[in-house]
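Asker: Before I ask anything, here is the structure I am working with.
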C-alpha cells in the first residue's frame, strides 16, 4: 500500500500540490488524470523520491519513506518508474540499459532476469542495438523492461505512451496489461488521455485545483 498524507509542494512560491491525500492498495492499480501542469508528474516524483514534498508524509508498504525526519532514496522504495521519454543511456546497448537497473542481483540471477524481461517485452532481437538504432515504440519497450527488471511492487507511469502512433500505442497498452498480470505489479498511471486509462481498466482519480479527487 502507498499512502500519501497531507502532501504539499511549491516551486518558486507557486503552489502545485495542496494537502494531497491518496491511498493506493496493492493489486489495485489506479490512474490519475489532469490537465498539463496540474501537478501529476510532481506527485509521481514525490512518491518515487526523485523530489521531496515541502510538507506531508509518504508511506510504502507500512514504512514511512518521506517526512520531516525521514528520507528513503528512490533505489530503496521498491518502485519502477517509466517516464514520458524512454531516457535510455545512448552509449549503452539495449541489454546494458536493462542491466543498469539490476545492480543488486547475483551475476547469474541478473542475466537470467534480463533475458526474462526482454522476452516478456518482445525485444530479444534488439539486445545488441543502441538506442539510436531502434524506433520510439521499441525504446518504450526497453524502458518497460528496465523498470520491471527489479520486480518492483509498484510501477509509476508518467504519460508513457507520449509521441506514439495509434498502432504502437495499442501494442504497448496490451503489453502493459500483460506485464501487470504476470508481474503482479500495482500501476500508478498518469495521463490526460482517457482512452489509455479506459483501456487499462483502472480506478480513476482527478488531480484538480492542487488536490486529488475521485473521478465521477
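The values are calculated or read from the model by the stated rules, or taken from the named source; none is laboratory data. A quick note: this is a predicted structure, and the numbers were derived from the prediction, not measured. Cβ coordinates were reconstructed from backbone atoms using ideal geometry, including for glycine residues, and neighbour counts include every protein chain displayed.
Asker: Can you pull out every residue in the stretch 2-42 that is at pLDDT below 95, more than 17 Å from residue 206 (Cβ to Cβ) and surrounded by 13 or more Cβ atoms within 10 Å (Cβ to Cβ)?
Answerer: Hit for the stretch 2-42 is 26, nothing else.
Asker: When the residues of the stretch 120-137 are narrowed to those that are touching a residue at least 40 places away in the same chain (Cβ under 8 Å) and in a loop (DSSP other than H, G, I, E, B), which ends up surrounded by the most Cβ atoms within 10 Å (Cβ to Cβ)? Let's see the steps before the verdict.
Answerer: The initial filter retains those residues of the stretch 120-137 that are touching a residue at least 40 places away in the same chain (Cβ under 8 Å), namely 120-122, 130-132, 134, 136.
Restricting the remaining residues to those that are in a loop (DSSP other than H, G, I, E, B) gives 121-122, 130, 134.
Values: 121: 23, 122: 14, 130: 16, 134: 18.
The qualifying residue surrounded by the most Cβ atoms within 10 Å (Cβ to Cβ) is 121.
Asker: If you don't mind, another one. Going by what's in this entry, would residue 152 be described as modelled with pLDDT under 95, closer than 20 Å to residue 84 by Cβ, in contact with a strand residue (DSSP E or B) (Cβ under 6 Å, 6 or more places away or on another chain) and surrounded by 22 or more Cβ atoms within 10 Å (Cβ to Cβ)?
Answerer: no
Asker: Which one of these is under 17 Å from the mean Cα position of the chain (by Cα), loosely packed, with under 14 Cβ neighbours inside 10 Å, assigned by TED's automatic domain parsing to the domain that holds residue 23 and under 19 Å from residue 29 (Cβ atoms): 174, 158? Before the answer, list the steps.
Answerer: Numbers: 158 fails: loosely packed, with under 14 Cβ neighbours inside 10 Å.
Unique residue meeting the criteria: 174.
Asker: I've got another one for you. Could you check, for the stretch 72-95, whether at least one of its residues is at pLDDT 95 or above, surrounded by fewer than 20 Cβ atoms within 10 Å (Cβ to Cβ) and over 24 Å from residue 116 (Cα atoms)?
Answerer: Yes: the stretch 72-95 contains one or more residues that are at pLDDT 95 or above, surrounded by fewer than 20 Cβ atoms within 10 Å (Cβ to Cβ) and over 24 Å from residue 116 (Cα atoms).
Asker: Another one. Condition test on residue 208, is it out of contact with any helix residue (DSSP H, G or I) (no Cβ under 6 Å at 6 or more places or on another chain), closer than 19 Å to residue 31 by Cα and buried (at least 20 other Cβ atoms within 10 Å of the Cβ)?
Answerer: So residue 208 fails the test.
Asker: Out of (1) surrounded by 17 or more Cβ atoms within 10 Å (Cβ to Cβ); (2) out of contact with any strand residue (DSSP E or B) (no Cβ under 6 Å at 6 or more places or on another chain); (3) not assigned by TED's automatic domain parsing to the domain that holds residue 48, what's the single condition that is false for residue 147?
Answerer: Here residue 147 meets the rest and fails (2).
Asker: Let me ask something else. If you take just the strands (runs of 3 or more DSSP E) that sit entirely in the stretch 1-91, which of them hold at least 3 residues that are in contact with a helix residue (DSSP H, G or I) (Cβ under 9 Å, 6 or more places away or on another chain) and over 17 Å from residue 187 (Cα atoms)?
Answerer: Working: elements: 2-11, 14-24, 30-33, 55-60, 63-66, 79-82.
Ranges flagged: 2-11, 14-24.
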